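Structure, as structure tokens:
The values are calculated or read from the model by the stated rules, or taken from the named source; none is laboratory data. Note that the structure is a prediction, hence the values are computed from the model and not measured. Note: ideal-geometry Cβ built from the backbone for every residue, glycine included; neighbour counts use all protein chains shown.
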Amino acid sequence: MPGASAAAASGPAHVTEPVAYDAILLASFGGPEGQDDVIPFLRNVTRGRGIPDERLEEVAHHYRAFGGVSPINAQNRALKAALEAELASRGIELPVLWGNRNWDPYLREALTEAHERGFRSLIAVATSAYSSYSSCRQYREDFAIALDETGLAGEITIDKVRQFFDHPGFVQPFIDGVSAAVAGIREQFPDLDPTREIEVLFSTHSIPSADAERSGPASRGFGPGGAYAAQHLAVAEAVMATAAGAEGLPWQLVYQSRSGPPSQPWLEPDINDAIAELPAKGVKAVVIVPLGFVSDHMEVMWDLDNEALETCAEHGLHGVRTPTPGVDPAYVSGLVDLVLERVSGTPTADRPARTPLGPWYDVCRPGCCENVRLGFKPALAGIAP
């Protein structure tokens with residue numbers, strides 16, 4: 001497996017041999033930082049699809065409503081600083097580099113910096129917790145592209161921490177958020193029957209159904225929604241089983257931010273459609289949990305804080321949106337723990353996971369998370385294809 005550390009090169013599911021990494025590569029999506037950046041950024045996101053600027057402008061108004069500035073870059077600066085502080089507090093000397101897939105600073109810039117500073121072995125932390133093409137494999141493909149563009153293939157290796165959807169550090173902020181939201185609703189509306197009149201909606205980004213079916217290794221047999229849906233459902237169950245006051249509350253997994261043509265099946269139900277059906281069930285209050293997101297970026301601030309909460313108001317429902325992990329200490333500490341699993345070669349049995357699906361793979365399995373439209377392209381941190 002080219003581009004990997006010696007410990008991961010033979011493709012074990014879990015790497016239990018210690019690796020002396022030189023630095024951490026924080027990899028994220030990127031976002032515009034001004035009105036003039038919006039359309040060029042969206043061209044980057046949709047490159048290869050031939051989408052005209054007129055159609056991109058339909059999406060651009062979300063960013064333009066915030067002055068053309070996506071919150072994601074500021075959040076990644078904060079996360080980078082929080083990771084550096086956590087590493088320093090533990091006495092761990094691992095620099096943190098930051099590179100984006102779709103906007104400055106780009107991954108190729110981070111790799112160039114790594115090379116200039118003498119770093120040759122990197123461990124990547126992508127700001128996406130679940131398995132799918134866009135949330136895992138595309139990062140791995142972009143690592144390969146960045147090495148090729150910089151001419152650093154063969155000089156720098158990039159491993160990647162496991163998908164962390166069920167790592168305690170990622171799950172705990174959602175448990176805390178649901179506990180606080182339910183307590184707040186019950187305090188504000190003491191006469192509500194929580195088992196009938198409060199419902200929890202776990203929301204994540206919708207993806208094409210065909211891509212969802214191919215998420216995760218086919219050998220696991222996850223069914224129509226693939227590993228993507230299975231992972232979200234498993235985490236939601238863990239949250240509901242642990243959050244204070246959540247016992248007996250109805251809940252469901254819903255989807256948001258669909259962007260494909262109407263003729264293409266995407267994962268459903270849409271969160272707004274699900275909200276519209278709640279009054280007929282007698283529901284009066286809704287807890288919206290952004291389970292698929294690590295921070296308050298545009299899909300959270302527009303699609304949930306704007307559209308979904310407006311839908312709640314239109315249907316006479318009290319709506320509350322819980323926090324994303326952001327720079328929650330449990331999340332930041334958990335990300336460092338994921339890096340240290342690979343630094344120390346932690347045995348699989350000693351790795352924490354809050355669902356029966358984990359701990360997930362260090363090295364992605366063959367054929368994992370295929371893009372139906374594009375097929376397989378070279379990707380690091382996994383076994384071909």
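Among the residues of the range 157-168, those identified as buried (at least 21 other Cβ atoms within 10 Å of the Cβ) and either more than 13 Å from Gly334 (Cβ to Cβ) or of a type outside the set (A, V, I, L, M, F, W, C) (or both) are Thr157, Ile158, Asp159, Lys160, Arg162, Gln163, Asp166, His167. Under the condition of being outside any strand (DSSP E or B), closer than 26 Å to Val372 by Cα, in the same structural domain as Pro71 (by TED's automatic domain parsing) and touching a strand residue (DSSP E or B) at 6+ places or on another chain (Cβ under 7 Å), the residues counted in the range 1-49 number 2.
Here is a yes/no grid of residues against (1) under 18 Å from Thr322 (Cβ atoms); (2) hydroxyl-bearing (Ser, Thr, Tyr); (3) more than 20 Å from the chain's Cα centre (by Cα):
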position	(1), (2), (3)
Gly226	no, no, no
Gln231	no, no, no
Pro261	no, no, yes
Leu267	no, no, no
Val289	yes, no, no
Phe293	yes, no, no
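The single condition among (1) assigned by TED's automatic domain parsing to the domain that holds Leu278; (2) of a type in the set (A, V, I, L, M, F, W, C); (3) in contact (Cβ under 8 Å) with a residue 40 or more places away in the chain that Ala313 does not satisfy is (3). Which of the residues belonging to the range 1-21 are touching a Pro at 6+ places or on another chain (Cβ under 9 Å) and within 19 Å of Arg140 (Cα to Cα)? Passing the criteria: Pro2, Gly3, Ala7, Ala9, Gly11, His14. Would you say Asp296 is touching a Lys or Arg at 6+ places or on another chain (Cβ under 7 Å), acidic (Asp, Glu) and not assigned by TED's automatic domain parsing to the domain that holds Cys136? Here the answer is no, as Asp296 does not meet what is asked. If I filter the range 209-218 for residues that are within 25 Å of Val178 (Cα to Cα) and surrounded by 18 or more Cβ atoms within 10 Å (Cβ to Cβ), do I get at least one hit? Taking every residue of the range 209-218 in turn, none turns out to be within 25 Å of Val178 (Cα to Cα) and surrounded by 18 or more Cβ atoms within 10 Å (Cβ to Cβ).
Considering only residues in the range 24-61 that are among the polar types (S, T, N, Q) and in contact (Cβ under 8 Å) with a residue 12 or more places away in the chain, the one that is surrounded by the fewest Cβ atoms within 10 Å (Cβ to Cβ) turns out to be Gln35.
The residues listed here are Arg120, Arg140; of these, the one that is in contact (Cβ under 8 Å) with a residue 40 or more places away in the chain, surrounded by 23 or more Cβ atoms within 10 Å (Cβ to Cβ) and among the basic types (Lys, Arg) is Arg140. Comparison of Val332, Val287, Val343, Val300 shows that the only residue that is of a type in the set (Val, Ile, Thr), under 21 Å from Val182 (Cα atoms) and assigned to a helix (DSSP H, G or I) is Val300. Working only within the range 102-152, note down all residues that are closer than 15 Å to Asp22 by Cβ and part of a strand (DSSP E or B). Within the range 102-152, Ser121, Leu122, Ile123, Ala124, Val125 qualify.
Here Ala210 passes the criteria (1) closer than 20 Å to Pro290 by Cα; (2) part of a helix (DSSP H, G or I); (3) small (Gly, Ala, Ser) except the one numbered (1).
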